[in-house]
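**Q** Take a look at this one; I'll ask things after.
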Amino acid sequence: MATTADFKNGLCIVFKDDLYTIVQFQHVKPGKGPAFVRTKLRNVKTGRILENTFTSGIKIDTARIERRPYQFLYKDGEDYVMMHTETYEQVNIPVDLINAPQFLKEGDSVEMVVHADTETPLYVELLPSVVLEVTYTEPGLKGDTASSTALKPAEVETGAKVMVPLFIEMGEKIRINTAEGTYMERIR
């Protein structure tokens with residue numbers, strides 16, 4: 001149990017029988033009436049943002065979550081098999097718990113967020129950016145190689161499609177932002 005005085009960004013709480021992390025909070029003490037805490041909460045499972053106001057001093061149930069290092073081994077039907085990098089324990093994770101499965105290739109390191117009390121995996125996060133090889137893209141036209149504003153579709157080694165600048169060729173490695181699914185830079 002915690003009170004509103006213990007609020008901090010990233011704290012995981014049980015609210016409306018679901019797990020939420022605090023994204024933003026603000027203690028407000030008006031001239032009239034009791035103090036309160038205005039918060040923005042993110043649902044751990046769905047990612048939906050919810051705004052809520054708590055009366056100052058009320059008790060809130062906290063949830064203990066842990067970030068654990070895992071490595072993606074292989075895909076088994078619809079599930080992804082992950083291995084804990086320290087204990088070598090393997091777990092099957094459904095695709096809907098992974099933030100960007102289209103950029104995941106065998107051997108990649110990921111971080112799994114686990115509800116520590118029940119040992120339930122909540123979600124899997126890839127690194128902020130990944131480096132992948134372009135397996136197919138149309139050749140750029142002569143004279144367009146210097147432009148970085150015009151984009152063309154490209155397919156990377158995991159099968160995902162990304163919009164890249166015209167100067168990117170097949171076989172080149174590119175860095176991709178996993179949160180947005182966008183091209184960042186060419187790797188030389």
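The values are calculated or read from the model by the stated rules, or taken from the named source; none is laboratory data. Remember, predicted model here, so these are calculated numbers, not experimental data. Cβ placement follows ideal geometry from the backbone for every residue including glycine, while neighbour counts extend to all protein chains displayed. Keep in mind that these areas ignore ligands, DNA and RNA; they rest on the heavy atoms of the full protein, side chains included. Shrake-Rupley method; radii C 1.70, N 1.55, O 1.52, S 1.80 Å.
**Q** Net charge within 14 Å of residue 68 by Cβ-Cβ distance, Lys/Arg positive one each and Asp/Glu negative one each, not counting residue 68 itself? Present the calculation step by step, with values, prior to reporting the outcome.
**A** Working: positive: 64, 67; negative: 66, 86, 89, 111, 119, 125.
Around residue 68, the charge tally is -4.
**Q** Okay, moving on. Around residue 110, under 13 Å between beta carbons, what's the net of Lys plus Arg minus Asp minus Glu among the other residues?
**A** Combined, the nearby Lys, Arg, Asp and Glu give -1.
**Q** Using θ = phi - 60° and the Karplus form 6.51 cos²θ - 1.76 cosθ + 1.60, what ³J(HN,Hα) does each residue of region 20-35 get, whole Hz, x for Gly and Pro?
**A** Per-residue couplings from phi come out as 10, 9, 7, 8, 8, 8, 8, 7, 10, 10, x, x, 10, x, x, 6 Hz.
**Q** How large is the charge dipole for the chain, taken about the Cα centre, if only the Cβ atoms of Lys, Arg (+1) and Asp, Glu (-1) carry charge, to the nearest 20 debye? All intermediate terms of the calculation are to be shown ahead of the outcome.
**A** Values: 22 positive and 27 negative charges, 238 e Å.
It works out to roughly 1140 debye.
**Q** Rolling a 1.4 angstrom probe over the protein heavy atoms, how many square angstrom per residue are accessible across region 7-153? List each step's numbers first, then the result.
**A** Working: 8950 Å² over 147 residues.
Result: 61 Å² per residue.
**Q** Tell me, what ³J(HN,Hα) does each residue in region 48-65 have, in order and in whole Hz, if you take phi through Karplus 6.51 cos²θ - 1.76 cosθ + 1.60 with θ = phi - 60° and put x for Gly and Pro?
**A** For region 48-65, the Karplus curve yields 5, 8, 10, 9, 8, 10, 10, 5, 4, x, 6, 8, 10, 7, 9, 10, 8, 10 Hz.
**Q** Here's something else I'd like to know. Here are several values of Cα Rg over 2.2 N^0.38 Å: (1) 1.01; (2) 0.93; (3) 1.34. Which one was derived from the coordinates shown?
**A** So the structure-derived entry is (3).
**Q** Same structure again: With the cut-off at 21 Å, tell me which of the pairs 8/29; 16/45; 29/59; 8/59; 105/173; 45/161 have Cα atoms farther apart than that.
**A** Violating the 21 Å limit, Cα to Cα: 45/161.
**Q** If Rh is defined by the Kirkwood formula over all Cα pairs and Rg also comes from Cα, what ratio Rg/Rh do you get for region 15-94?
**A** Details: Rg = 18.9 Å, Rh = 15.8 Å.
Using only Cα positions, Rg/Rh for region 15-94 is 1.19.
**Q** Calculate the length of the line joining the C-alpha centroid of region 4-60 to that of region 75-124, in whole Å.
**A** When both Cα centres are located, 28 Å separates them.
**Q** For region 51-110, which chymotrypsin sites (Phe, Trp or Tyr not before Pro) are both in a DSSP coil and crowded by at most 15 other Cβ atoms within 10 Å?
**A** Working: sites: 54, 70, 72, 74, 80, 88, 103; in loops: 88.
Here the sparse-neighbourhood loop sites are 88.
**Q** Here's another thing I want to ask about it. Between residue 75 and residue 27, what is the label-to-label distance in nm when each label sits 7 Å out along the Cα-to-Cβ direction?
**A** Once both label points are built, they end up 4.9 nm from each other.
**Q** Something else: Any idea which of 60, 137, 88 is furthest toward the positive side of the dipole for region 1-143, if Lys and Arg beta-carbons carry +1 and Asp and Glu beta-carbons -1?
**A** The residue sitting farthest along the positive end of the dipole is 60.
**Q** Let me ask another. Could you tell me what percent of the accessible area of region 1-119 is made up of carbon and sulfur, with a 1.4 Å probe and every protein chain present?
**A** Values: 3320 of 7200 Å².
So the carbon and sulfur contribution to the accessible surface is 46 percent.
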